[in-house]
Amino acid sequence: QVQLAESGGGLVQPGGSLRLSCAASGIIFNIARMDWYRQAPGKQRELVARITSGGGTNYADSVKGRFTISRDNAKNTVYLQMNSLKPEDTAVYYCYALYGVRQYWGQGTQVTVSS
């Protein structure tokens, strides 16, 4: 059974930082492409960052220079380091895995940026 378990969300002030983690089980993690998505209230889910099995990364324009995606294959975990957070980063953040032709989603973790 494949499971993606996110953690690390919470309430942070503008300009602050958070690190999200997503621990995967049930897949051979080092060959999976891992993404972070987010969905704000009333908006469509959008891709935030992507890391391939080879370590290549892509970012949404809105987070470039502020967010960093990384992976630790020994721990079957992908991270999203979020710095200089803005109120518009408030959303539920989801971990996503593409494993061969199969897709898996985590349950999401809430990030709220507010003073």
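Comparing G16, A49, A74 along the charge dipole axis of the chain, the residue lying farthest to the positive side is A74, per the Cβ-charge model. In plain terms, the chain from N30 to R45 could stretch by 2.9 nm, reckoned as 0.36 nm per residue minus the Cα-Cα distance. Listed by chain and number, the lysines whose C-alpha is less than 16 Å from the C-alpha of K86, apart from same-chain residues fewer than 8 away, are K64. List the trypsin sites (Lys or Arg not before Pro) within segment 42-115 that DSSP assigns to loop and that have no more than 14 neighbouring Cβ atoms inside 10 Å. Those that pass, being in a loop and sparsely packed, are K43, K64, K75. Here the label points at A74 and T52, each 7 Å from Cα along the C-beta direction, are separated by 2.5 nm in the simple model. Computed from backbone phi with θ = phi - 60° and the Karplus coefficients 6.51, -1.76 and 1.60, the 3J(HN,Hα) list for segment 62-77 is 5, 10, 4, x, 10, 10, 9, 9, 8, 9, 10, 5, 5, 9, 6, 9 Hz; x is used for glycine and proline.
Computed 3J(HN,Hα) for segment 2-16, one whole-Hz value per residue from the Karplus formula 6.51 cos²θ - 1.76 cosθ + 1.60 where θ = phi - 60°, is 8, 9, 10, 10, 8, 7, x, x, x, 9, 9, 7, x, x, x, glycine and proline marked x. Here K43 is the anchor, and the aspartates and glutamates within straight C-alpha reach of less than 13 Å, apart from those fewer than 8 places off in the same chain, are E88, D89. Per-residue Karplus couplings for segment 80-97, computed as 6.51 cos²θ - 1.76 cosθ + 1.60 with θ equal to phi - 60°, are listed in order as 9, 8, 10, 10, 6, 5, 10, x, 6, 7, 4, 4, 8, 9, 10, 8, 9, 10 Hz, Gly and Pro entered as x.
Put simply, the amide H of K86, placed in the peptide plane, has neighbours under 5 Å in G15, leaving out anything fewer than 5 places away on its chain.
All of the numbers you see were taken from the coordinates with simple rules; none came from a lab. Since we're looking at a predicted model, the values are computed, not measured. Cβ coordinates were reconstructed from backbone atoms using ideal geometry, including for glycine residues, and neighbour counts include every protein chain displayed.
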